[in-house]
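Visitor: Got a structure for you, questions after.
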Amino acid sequence: MYIQNYITKLLTVLCLTACSSAINAQTLTSLDAAIVGDWSCTEAMDYMGYDAKSQMQWSFQKNQQQRQKTVSTLENEREKAQFNYEIQARWHLEGMKLILDQYDVKKFSTDHPELEAKVNLKAALADPEPMELKIKTLTANEMLLNLMIFDMEVEEFSIVCKR
């Protein structure tokens, strides 16, 4: 009787573990599928003393390539500049974190080269460190992301995306 109870408990634990793993794998797969496609995104933040606003077109592909086309405006009381750039990167998920890595700046232009010399945005875009974004909301038509720095969520830096 004791051995039979032990075997029953062991089989139950194994079944629950296997079922839990299958559910987690299914969830991650559905998250990948939910991200794939085209998104129109906006962000606003303070960048080196400038109000920075960006309009972005993001395209996430099944092969984990990501393309970005962005128009950013940096402005303060004295200066205003527009930056246009295109980036190709790789993406993957780690739980509820979207990781963008291996940035390759394909195109970059600005209407204010003097400001670019100060803020060095092009070099910042090509930073080899991965960008980690916490997925706060992900539906068929909306995605809300917050920047993660040293595993801490920065709620002041949000990217809002719509299909």
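The values are calculated or read from the model by the stated rules, or taken from the named source; none is laboratory data. Everything numeric in this text was worked out from a predicted model, so none of it was measured. Positions of Cβ are backbone-derived with ideal geometry, glycine not excepted, and every protein chain shown enters the neighbour counts. Accessible surface areas use protein heavy atoms only, side chains included; no ligands, DNA or RNA. Shrake-Rupley method; radii C 1.70, N 1.55, O 1.52, S 1.80 Å.
Visitor: So, in the range 105-118, exactly how many residues are in a strand (DSSP E or B) and open to solvent by 60 Å² or more (accessible area, probe 1.4 Å)?
Guide: Residues of the range 105-118 in a strand (DSSP E or B): 105-110.
Among the residues that remain, those that are also open to solvent by 60 Å² or more (accessible area, probe 1.4 Å) are: 106-107.
So the count comes out to 2.
Visitor: Now for a separate question. Within the bounds of the range 119-138, is there any residue that is in contact (Cβ under 8 Å) with a residue 40 or more places away in the chain and assigned to a loop (DSSP other than H, G, I, E, B)?
Guide: The initial filter retains those residues of the range 119-138 that are in contact (Cβ under 8 Å) with a residue 40 or more places away in the chain, namely 119, 121, 125, 135, 138.
The next check asks that each one be assigned to a loop (DSSP other than H, G, I, E, B); those that pass are none.
There is no residue in the range 119-138 that is in contact (Cβ under 8 Å) with a residue 40 or more places away in the chain and assigned to a loop (DSSP other than H, G, I, E, B).
Visitor: Also, I was wondering about something else. Which of the residues that make up the range 48-57 are open to solvent by less than 100 Å² (accessible area, probe 1.4 Å) and either modelled with pLDDT under 90 or outside any strand (DSSP E or B) (or both)?
Guide: Answer for the range 48-57, where residues must be open to solvent by less than 100 Å² (accessible area, probe 1.4 Å) and either modelled with pLDDT under 90 or outside any strand (DSSP E or B) (or both): just G49.
Visitor: For R78, state whether it is farther than 27 Å from S30 by Cα and among the basic types (K, R). It would help to see each step written out before you state the result.
Guide: Numbers: farther than 27 Å from S30 by Cα: yes; among the basic types (K, R): yes.
In short, yes.
Visitor: Here's something else I'd like to know. At pLDDT 95 or above and among the aromatic types (F, W, Y): does that describe Y85? Explain how you work it out, then say what you get.
Guide: Working: at pLDDT 95 or above: yes; among the aromatic types (F, W, Y): yes.
Criteria met by Y85.
Visitor: Follow-up. Any residue in the range 35-58 that's within 22 Å of Q88 (Cβ to Cβ): show its pairings with residues that are acidic (D, E) and open to solvent by 20 Å² or more (accessible area, probe 1.4 Å) at Cβ separation under 9 Å, as long as the two are six or more apart or on different chains.
Guide: A52/E43; A52/D46; A52/E75; S54/E43; Q55/E43; M56/E43; Q57/D38; W58/D38
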